[in-house]
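Here's the structure, in structure tokens; my notes come after.
We did not get these values from a lab; they are worked out from the coordinates using the rules stated. In this text, all values refer to a predicted model and were calculated from it rather than measured experimentally. Cβ atoms come from the backbone with ideal geometry, glycine included; neighbour counts cover every protein chain shown.
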């Protein structure tokens, strides 16, 4: 049963791209897919299915934060048999070599959230990407001549942190960037034995203070979208 996705059986593809912004989902569907249909608009969290180079793929907005993506990922897997979930999101860089619009493949997702502490009775769990999707995304980027970084990222519950310097601790341990969703996505994929990967575009830098405008976050990250769509099967 799905409370938040009103698709009919068979309307969602096995490969689903997951942008946080539902308008980003709409933009990708309208500009990069063919034969597009909209299967969901509950809470204006748009979902679309279409074809990319002959391969069927869905794009589902998830909203921001671990609780929100956990709802949509759980329903996509359990109610609609999604088998490859690929987050296409923005992130804040915390390493000086990362520039705006650089692309990151998240190998693992550290977190300051209690999402897995609750699930595992206070013990730590290391949420990691599907190696197959990670390798396929890397190979697709190389074919397209797109430079990528791969490594650990932080999924944070706090967009506005009470300690504005806390990111420096994570940076000292090699974490590349901060976002708000991947820990839940990777954990739920592992629970249900499906594949997941987060492909992220640097939209701002905590090191330099640079940032992309909202319009760019919605529409301009085309290289990330192109890599993700190559993972459809």
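When the chain is modelled as a GNM with alpha-carbon springs shorter than 10 Å, which of 31, 15, 49 fluctuates the most?
Per the Cα network of the chain with a 10 Å cutoff, 31 tops the list.
In deg cm²/dmol, rounded to 500, what helix-only [θ] at 222 nm does the chain give when every DSSP H run of at least 4 residues adds -39500 (n - 2.57) and the total is split over its residues?
-9500 deg cm²/dmol
Taking the Cα atoms only, what angle lies between the long axis of helix 131-144 and the longest principal axis of the chain, rounded to 10 degrees?
Tilt of helix 131-144: around 90 degrees.
In the Gaussian network model of the chain, springs joining C-alpha atoms below 10 Å, which of 92, 50, 209 carries the largest mean-square fluctuation?
Result: 209 has the largest fluctuation of those listed.
Under a point spin-label approximation (7 Å from Cα along Cα-to-Cβ), what is the residue 101-residue 146 distance to one decimal in nm?
1.3 nm
Once fully extended, how much extra length lies between residue 211 and residue 81, figured as 0.36 nm per residue of separation less the alpha-carbon to alpha-carbon distance?
43.1 nm
For the chain, take the longest principal axis of its alpha carbons; what is the angle in degrees between that and the long axis of helix 66-80, to the nearest 10 within 0 to 90?
It is inclined by approximately 30 degrees.
May I ask you to derive the FRET efficiency for residue 222 and residue 165 from their Cβ-Cβ distance with R0 = 35 Å, giving the value to the nearest 0.05?
After rounding, the FRET efficiency stands at 0.55.
By how many degrees, 0 to 90 and rounded to 10, does the Cα axis of helix 22-32 deviate from the longest principal axis of the chain?
It is inclined by approximately 60 degrees.
Would you mind checking the radius of gyration and Dmax of the range 192-233 based on alpha-carbon positions, in Å?
So, for the range 192-233, Rg and Dmax equal 13.5, 39 Å respectively.
Hey, what D do you get for the range 110-187 in µm²/s if you plug the Kirkwood alpha-carbon radius into Stokes-Einstein at 25 °C and 0.890 mPa s?
Taking Rh from Cα pairs, D becomes 173 µm²/s.
Provide, in order from the shortest bin, the percent of all Cα-Cα pairs of the chain in each 5 Å bin, continuing until the bin that contains the maximum pair distance.
P(r) for the chain, in whole percents per bin: 1, 7, 16, 20, 22, 17, 10, 5, 2, 0.
What translational D, rounded to a whole number of µm²/s, comes out for the range 24-119 from Stokes-Einstein when the hydrodynamic radius is the Kirkwood one over Cα pairs, at 10 °C and 1.306 mPa s?
Answer, rounded: 103 µm²/s.
Could I have the simple spin-label model distance between residue 55 and residue 43, label points 7 Å from Cα toward Cβ, reported in nm to one decimal?
For residue 55 paired with residue 43, the spin-label model returns 2.9 nm.
Sort 67-80, 138-151 by packing, meaning the average of other beta carbons within 10 Å per residue, with the highest value first.
Ranking the peptides 67-80, 138-151 by packing returns 67-80, 138-151.
Treating the range 45-177 as a set of equal point scatterers at the Cα positions, no solvent, please give the Debye-formula log₁₀ I(q)/I(0) at q = 0.12, 0.18, 0.19 Å⁻¹.
Calculated log10 I(q)/I(0) at the listed q: -0.57, -1.28, -1.40.
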